[in-house]
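See below for the structure under consideration.
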Amino acid sequence: MPAIGRALVPHCLKRYLGQLSSVSSSCQEDQVCSNESAGSAAVGDGASFPDILDGGDFQQALRLFSIELRTLSALDDPQPRGTFFRESRRLDKDQDVLLMKVRGLTKSFESNIVLNDVDFDLKPGEVHVLFGENGAGKTTFTKILCGGYLPKSGEIAIEGQKVHIAKPADSRSLGIVAVHQDFSLVPQLNVLENLYLGREFKTGPFLNKRKMAKEAKDYFEDLKIGIDIDLNKKISLLSMEKQQVVAIARALLQPLKILILDEPTSNFTDRETGILFEHIRELTQRGVGVIYISHVVEELKAIGDRVTILRDGRVVGHIDSNEKITKENLLKGMVQRPAEKVRQVLTTNLGKVCLEVKNLSTDSGLKDINLSVKKGEILGIGGLPDSGKSLVGRALFGLEKILSGEIQIRGEDIVHEISPSVALKNRMIYFPAEKLDGLVLCRDIKENATLPSLEDKFSNRGILDKGRERDAVSGIVEKLNVKPPNMGRRVCYLSGGNQQKVIMGRGLLKEAKLFIFDEITRGVDIASKVEFYQIVAEIAKDADGVIFITSELAELLDLCHRVVIMYGKRVEATLEHEYATREELVHHILGLEV
Amino acid sequence: MSKVNSIIKLKEEMESARPTAQIGVFRSFIRSAGFLPLLVAALLIAGLFVNHFFTIMNLMNIMRQTSYLAIITIGEMLVFIVGGFDLSIGSVVALTSVVTTMIAATKFADNGATLTIVGIFGGLISAGLVGLINGTVIAVFRVASFIVTLAMMGIAAGVALDLSGGTPIWGVPKFMISVFGGGSIFGVPTVFIIMVIVSVIMYILLNQTKLGRYFWAIGGNENAAILSGINTKKYIILAYVLCGLFAGFTGVLLTARVGSGEPVLGGGLMLQAMAAAVMGGTKVGGGEGNIPGVVLGAFFIVLVSNVMDLVNIGSYIQMIVMGGFLMFAIVTDEILRK
């Protein structure tokens, strides 16, 4: 095939042919790539998902660590003291050599302030670490630098020039390149197409695939990473580890001044991490500044020059280049949240078992789930993100297909007819992890709050009793302290915390007795979090039982009577509140033997 | 921390002080009022510059045309509200026209009244069936409403043509023509009164009943409706059935007006109904819409096409204008939303 002919074969057609028959496709592809990326196709094909398990343990360790940090931070001394904390708004004398200078950066979503007056400097050739727990504002910060969000206020200067980054293209033209946590690859396109997306090499109107393939192939050979990446393979068919390599390669193939790496090693083994670090060092020698985000202290020690610590959108500490980066140093920066008081007075007066689940298995993979909730009890369910803890809540509410087992509510088995409406009839209500799943954003507070109770409380033969509805909702709005207390307001105009309250109000109006809360404090501002803990503890006193699904260790330890830990879609352990310790929980969460 | 809190507090206070965005007649009217100036301008231009516009004949004609379009648009709006849309309504008009006439025009009895009623029922059943199939396929198999109703548009039109042999069917009973076609009560066209009654009923249904509340919720966020224990499939199917029935009812009324069963009746209605619905403040994608807006939207569309008729603008150009209005309405709606 002549060169132009090859270029004319549309990608989609080639992919289609590839799917049609593996035999013919391999011929086709081989012809194409034999010149362009000799050999790499054939090698990569055999081992398509090889190393995904290797990355698994490492990932767990990472998760463990971030959980640990959250807990430690909650238990630490509330008063920040010592030489560790420095004045953040100190002016550098050698300003002119700064690669990037950020001053007073602020960003909020609705009333939730996610970045508050953040200052940040980056010198050429340094690796500046951003450190902080989940939700501290690191990702928002990087997204602003990449043109994903517009800041509310604050200044950004690159090499002394004040800049305005309104869209991703602005950021790219300034030489800022980022590797995001989610890789931002197009799964339907192949590796080569992704590597050059938006900056393809062209000959006249046609793609110069040969040149792109050559550069990419040389680059991967240069990496000596020992992983063969087939340039013609679709991203969706690659293992996570390989996807991460592609995402980083895409960034490094571009001309850049500032490199942002957000958790770049989450799927890597030590060896690959080491190779990445060599590349980072090479870049810094050329004067590139790197913003590095990671939770792994060992990595920070190895690669970081200095650290800025964020918490709740503020800069709370620095570790300068002349100080050592140690775990202690980092943890000191993560002092206790002043307003967060997880511990609630729990009722000790528990009644009989009201909800009992026996040997429940579902289509979505839950296996032999056994648990029970007593009257007045808060049962915590914890575990890793893919442990199946959310599936338990969904299954109980009839949102998962159930294969076998029993769900007994007040002694009666309802597993065969379980559906959201049956669950609601049995006065069980579910609060989804993604609160937007539960709300009709374009409608008002009132309509959202009464949606499940219209049938039994606010309508008579299908006609709405609007007066009664208004009275009931205004009572709830007052009780839950919804702001603004205007039930005609559309919920899309409310803050995250207040939206969550509307969903809670829904449960109260339904006069539910069994509550399943799934991650209700995620993405909620701190003041509201504390309110939620109080509300949940209050609700539990009168309820037939509360199931509280969360990934925060502090909530499991301090808000729950008993804790069920899920691992691999099974119940790993059930622990009584009095005997549960943090270490024990973490062990079970990771599925380790105690 | 205290600074953050005080900022949050201040912001909340400001928010609560802002005039409230109530969902109700008033607000939805304001939403649809975006095109009111356009409507007034069109009326003024028509009144001042177009001959024969302000004649009794023409105004009666406009009332009739508005009624047909408003009824079919209300049906389309229901489907819009639950988050879908229905392209088959034009074909349903033709199908109903053919089925109704084929039954009503049988030569057995000389009393047209019974046959008219039986014919109308037959026509409406066929229209409801089309809606039922649309709704079931969309709700149960989770297929895009666009494709399903596009297919149904072809099927219904084909059935109508096949049944009629492609030619008009004559013999619509005099009773039907006199009551629903040219009839008027105290000088007001009967179809207009029917339209008003239909609008009031639908207004109550949407705003004062559980059913209406469920429609809004399903279109706004189907997941939320499912979590609230609502059988969303049932209500989505119901919306399509109602849409089919409204289209069928329009078909019956138009048949009475033209006096024959026409396999090509209602060709342009689908485009006009969509334009009227969107101009009237119905949100494409679900969750919002209102009856007064839709009726005014229908009035506007009819007014424009009436004026174009009066100044001898051909039907080809009229199609271009209608398509243009639909596009214009959707784009301005998107812009206003941001």
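The values are calculated or read from the model by the stated rules, or taken from the named source; none is laboratory data. Please read all numbers here as calculations on a predicted model, not as lab measurements. Glycine also receives a Cβ, built like all others from the backbone with ideal geometry; neighbour counts cover every protein chain displayed.
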Scan of the range B:305-338 for residues that are farther than 14 Å from B:Gly280 by Cα and either touching a Ser or Thr at 6+ places or on another chain (Cβ under 6 Å) or aliphatic (A, V, I, L, M) (or both), ordered by number: B:Val307, B:Met308, B:Leu310, B:Val311, B:Ile313, B:Ile317, B:Gln318, B:Met319, B:Ile320, B:Val321, B:Met322, B:Ile335
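Listed here are the residues, each with its yes/no results for (1) surrounded by 21 or more Cβ atoms within 10 Å (Cβ to Cβ); (2) among the hydroxyl-bearing types (Ser, Thr, Tyr); (3) closer than 18 Å to A:Gly393 by Cα.
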site: A:Lys501; (1), (2), (3): yes, no, no
site: A:Ile516; (1), (2), (3): yes, no, yes
site: A:Thr521; (1), (2), (3): yes, yes, yes
site: A:Gln534; (1), (2), (3): no, no, no
site: A:Ala537; (1), (2), (3): no, no, no
site: A:Ala543; (1), (2), (3): yes, no, yes
site: A:Val546; (1), (2), (3): yes, no, yes
site: A:Leu557; (1), (2), (3): yes, no, no
site: A:Ile565; (1), (2), (3): yes, no, yes
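Tell me, which residue of the range B:46-62 that is in contact (Cβ under 8 Å) with a residue 12 or more places away in the chain and over 16 Å from B:Ser184 (Cβ atoms) is farthest from the chain's Cα centre (by Cα)?
Step one: list which residues in the range B:46-62 are in contact (Cβ under 8 Å) with a residue 12 or more places away in the chain, which gives B:46, B:50-53, B:58, B:60-62.
Now restrict to residues that are over 16 Å from B:Ser184 (Cβ atoms): B:46, B:50-53.
Numbers: B:Ala46: 24, B:Val50: 28, B:Asn51: 30, B:His52: 28, B:Phe53: 25 Å.
Per the stated criteria, the residue is B:Asn51.
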Return the residues of the range A:114-171 that are in contact (Cβ under 8 Å) with a residue 60 or more places away in the chain and among the basic types (Lys, Arg); say none if nothing qualifies. A:Lys123, A:Lys138
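For (1) closer than 16 Å to A:Leu396 by Cβ; (2) outside the structural domain of A:Gly313 (by TED's automatic domain parsing); (3) hydroxyl-bearing (Ser, Thr, Tyr), each residue gets a yes or a no:
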position: A:Ser421; (1), (2), (3): yes, yes, yes
position: A:Ile445; (1), (2), (3): no, yes, no
position: A:Leu451; (1), (2), (3): no, yes, no
position: A:Leu480; (1), (2), (3): no, yes, no
position: A:Arg489; (1), (2), (3): no, yes, no
position: A:Met504; (1), (2), (3): no, yes, no
position: A:Ser528; (1), (2), (3): no, yes, yes
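What tally of residues in the range A:157-196 results from selecting those that are hydrophobic (A, V, I, L, M, F, W, C) and within 17 Å of A:Val290 (Cβ to Cβ)?
First pass over the range A:157-196, keeping only residues hydrophobic (A, V, I, L, M, F, W, C): A:157-158, A:163, A:165-166, A:169, A:174, A:176-179, A:183, A:185-186, A:189, A:191-192, A:195.
Within this subset, residues satisfying the condition of being within 17 Å of A:Val290 (Cβ to Cβ) are A:158, A:174, A:176-179.
Looking only at that region, the number is 6.
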Qualifying residues in the range A:471-499 (those that are more than 12 Å from chain B (Cβ to nearest Cβ) and assigned to a helix (DSSP H, G or I)) - the one surrounded by the most Cβ atoms within 10 Å (Cβ to Cβ): A:Val473
Residue set A:Ile235, A:Ile229, A:Ile258; condition touching a residue at least 12 places away in the same chain (Cβ under 8 Å), assigned by TED's automatic domain parsing to the domain that holds A:Phe277, closer than 15 Å to A:Ile280 by Cβ and among the β-branched types (Val, Ile, Thr); output residue A:Ile258
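In the range A:411-469, what count of residues is obtained for those that are among the aliphatic types (A, V, I, L, M) and in a helix (DSSP H, G or I)? Write out each step before concluding.
Within the range A:411-469, the first condition is being among the aliphatic types (A, V, I, L, M), and the residues that meet it are A:414-415, A:418, A:422-424, A:428-429, A:433, A:436, A:439-441, A:445, A:449, A:451, A:454, A:463-464.
Subsequent filtering for residues that are in a helix (DSSP H, G or I) retains A:415, A:422-424, A:436, A:445, A:449, A:451, A:454.
Selection size over the range A:411-469: 9.
From the set of residues in the range A:515-552 that are more than 14 Å from chain B (Cβ to nearest Cβ) and assigned to a strand (DSSP E or B), which is nearest to the chain's Cα centre (by Cα)? Explain how you work it out, then say what you get.
Taking the range A:515-552 and keeping what is more than 14 Å from chain B (Cβ to nearest Cβ), we get A:519, A:521-523, A:532-552.
Filter once more, keeping what is assigned to a strand (DSSP E or B): A:545-549.
On the way: A:Gly545: 29, A:Val546: 25, A:Ile547: 22, A:Phe548: 19, A:Ile549: 16 Å.
Per the criteria, the residue is A:Ile549.
One line per residue, one yes/no per condition, for (1) part of a strand (DSSP E or B); (2) surrounded by 20 or more Cβ atoms within 10 Å (Cβ to Cβ); (3) away from every other protein chain (no Cβ under 14 Å):
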{"position": "B:Val196", "(1), (2), (3)": "no, no, yes"}
{"position": "B:Ile201", "(1), (2), (3)": "no, no, no"}
{"position": "B:Ile204", "(1), (2), (3)": "no, no, no"}
{"position": "B:Leu211", "(1), (2), (3)": "no, no, no"}
{"position": "B:Phe215", "(1), (2), (3)": "no, yes, no"}
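Restricting to the range A:426-469, and then to whatever is of a type in the set (Val, Ile, Thr) and in contact (Cβ under 8 Å) with a residue 40 or more places away in the chain, can you tell me which residue is surrounded by the most Cβ atoms within 10 Å (Cβ to Cβ)?
Filtering the range A:426-469 for residues of a type in the set (Val, Ile, Thr) gives A:429, A:440, A:445, A:450, A:463.
Subset that is in contact (Cβ under 8 Å) with a residue 40 or more places away in the chain: A:429, A:440, A:445, A:450.
Values: A:Ile429: 27, A:Val440: 27, A:Ile445: 29, A:Thr450: 27.
Across the range A:426-469, the extreme among qualifying residues is A:Ile445.
Would you check if there is a residue in the range A:382-397 being within 26 Å of B:Ile218 (Cα to Cα), part of a loop (DSSP other than H, G, I, E, B) and within 14 Å of chain B (Cβ to nearest Cβ)?
Yes, the range A:382-397 contains at least one residue that is within 26 Å of B:Ile218 (Cα to Cα), part of a loop (DSSP other than H, G, I, E, B) and within 14 Å of chain B (Cβ to nearest Cβ).
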Restricting to the range B:141-175, name every residue that is β-branched (Val, Ile, Thr) and more than 15 Å from B:Val93 (Cα to Cα). B:Val143, B:Ile147, B:Val148, B:Thr167, B:Val172
Residue, nearest to A:Ile369 (Cα to Cα), within the range A:399-425, restricted to residues that are within 13 Å of chain B (Cβ to nearest Cβ) and surrounded by 19 or more Cβ atoms within 10 Å (Cβ to Cβ): A:Glu400
Residue within the range B:218-240 that is more than 14 Å from chain A (Cβ to nearest Cβ) and free of Cβ contacts under 8 Å to residues at least 60 places away in the same chain present: no
